[in-house]
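The values are calculated or read from the model by the stated rules, or taken from the named source; none is laboratory data. None of these values were measured; they are calculated from a predicted model. Cβ atoms come from the backbone with ideal geometry, glycine included; neighbour counts cover every protein chain shown.
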Amino acid sequence: RRDPPAELPQWKGGGTTHNLKEIILGRCFTYIRMVNPGLRKDCLKIWETFENAFISKNPCNITEQDYQPLMELAAHPILCNKTLLWSKTNELAHQYTKVQGSLLTLEDTLLGYMADKVTWCGSPSSTEMNYQSCPRWNECTNNSNTIYWKMASKIFAEAACGVVYVMLNGSISQPFRNSSIFGSVEIHHLNPEKVPLVKIWVMHNIEEQSSDSCSDSSIKDLKSIIEGRNIAFSCENDHRDVQFIQCVRNPEQKACRICG
Ligand code: C8R
């Protein structure tokens, strides 16, 4: 019989990103000095408030209240007609906004910019961050990362005004899922008094046969949710401007050829 390893990882997900403090502080300063100069935010205070939200707590028992002070400190206004929401199209949506230059995703706001691609959690028995492991999304729904994204997404959707664009993935079985953050948080927090129209773009993997996903039953569900909230709905398959981005990597695909 062998003894178990001295320290079994507690959770199934990767631990807190090393140098989290430096990353968050650095991103916050980069954001207020270079990405969005003129935005007046106290980055040191933002870091302390961020840390306070999850340090010394069970990462599976984080509540919205824990992040409320941070959300209030870091939120800022965004311009009308510039919001792009997405679900299961993370890479394409961000590649597109980067080149397109005027539409904004949550990652173009301070809250999204600071937290993109990093992981964090604490533990009740320590004032340190847990660098060993953090809960995976399926270990507990209220983990420190998921609650953060849900709250930041809610604030982003509430702040939207004018036409809102949404990029969905037509190459998966359900382009719209009401369990996604887009489906469970964002569509329910668009304000019909400020948002007259939601434009859905359903993109397909350029290497696959394209299909009419706008007539998919999940998109019909989405249409009735949006119209039920008194917001007009439109849907387009493979919006051309976005397809150009897909074509950069696949110039020989049929959909990418201009002549013949
Ligand atoms: N949004 C949510 N989650 C985000 C995110 C973001 O901007 N950015 C990152 N990196 N993440 P999905 P969804 C991480 O299932 O659930 C906003 C989080 O770990 O493809 O519908 C954004 O405004 C999160 O658990 O999409 C967008 O409109 C997964 O990626 C929706 O919410 C979610 O990826 C997307 O959330």
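Observations on the model:
- Conditions (1) at positive phi; (2) at pLDDT 95 or above: number failed by Gly38: (2)
Yes/no per residue for (1) small (Gly, Ala, Ser); (2) touching a His at 6+ places or on another chain (Cβ under 8 Å); (3) closer than 24 Å to Ala75 by Cα:
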site	(1), (2), (3)
Asn138	no, no, no
Ile147	no, no, yes
Ala159	yes, no, yes
Val163	no, no, yes
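- Restricting the range 119-143 to residues that are within 11 Å of the ligand (Cβ to nearest atom) and closer than 20 Å to Glu64 by Cβ, the residue that is surrounded by the most Cβ atoms within 10 Å (Cβ to Cβ): Asn143
- Residues located in the range 190-219, provided they are surrounded by 15 or more Cβ atoms within 10 Å (Cβ to Cβ) and farther than 20 Å from Val242 by Cβ: Leu190, Val195
So that you can scan it fast, the table gives a plain yes or no per residue for (1) in contact (Cβ under 8 Å) with a residue 24 or more places away in the chain; (2) in contact with a Ser or Thr (Cβ under 6 Å, 6 or more places away or on another chain):
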site	(1), (2)
Leu92	yes, no
Gln100	yes, no
Thr105	no, yes
Trp120	yes, yes
Ser125	no, no
Ser153	yes, no
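- Residues (over 24 Å from Gly183 (Cα atoms) and not in a loop (DSSP other than H, G, I, E, B)) located in the range 209-240: Arg240
- For the range 220-240, taking the residues that are closer than 27 Å to Asn250 by Cα and not polar (S, T, N, Q), the one that is surrounded by the fewest Cβ atoms within 10 Å (Cβ to Cβ) is identified as Arg240.
- Whichever residue in the range 153-174 is over 18 Å from Cys80 (Cα atoms) and either of a type in the set (A, V, I, L, M, F, W, C) or more than 11 Å from the ligand (Cβ to nearest atom) (or both) and, among such residues, is surrounded by the fewest Cβ atoms within 10 Å (Cβ to Cβ): Ser173
- Sole exception among (1) more than 9 Å from the ligand (Cβ to nearest atom); (2) among the hydrophobic types (A, V, I, L, M, F, W, C); (3) surrounded by 21 or more Cβ atoms within 10 Å (Cβ to Cβ); (4) under 24 Å from Leu222 (Cβ atoms) for Leu92, by number: (3)
- Residue match in the range 190-209 (condition: within 23 Å of Asn142 (Cα to Cα) and within 13 Å of the ligand (Cβ to nearest atom)): yes
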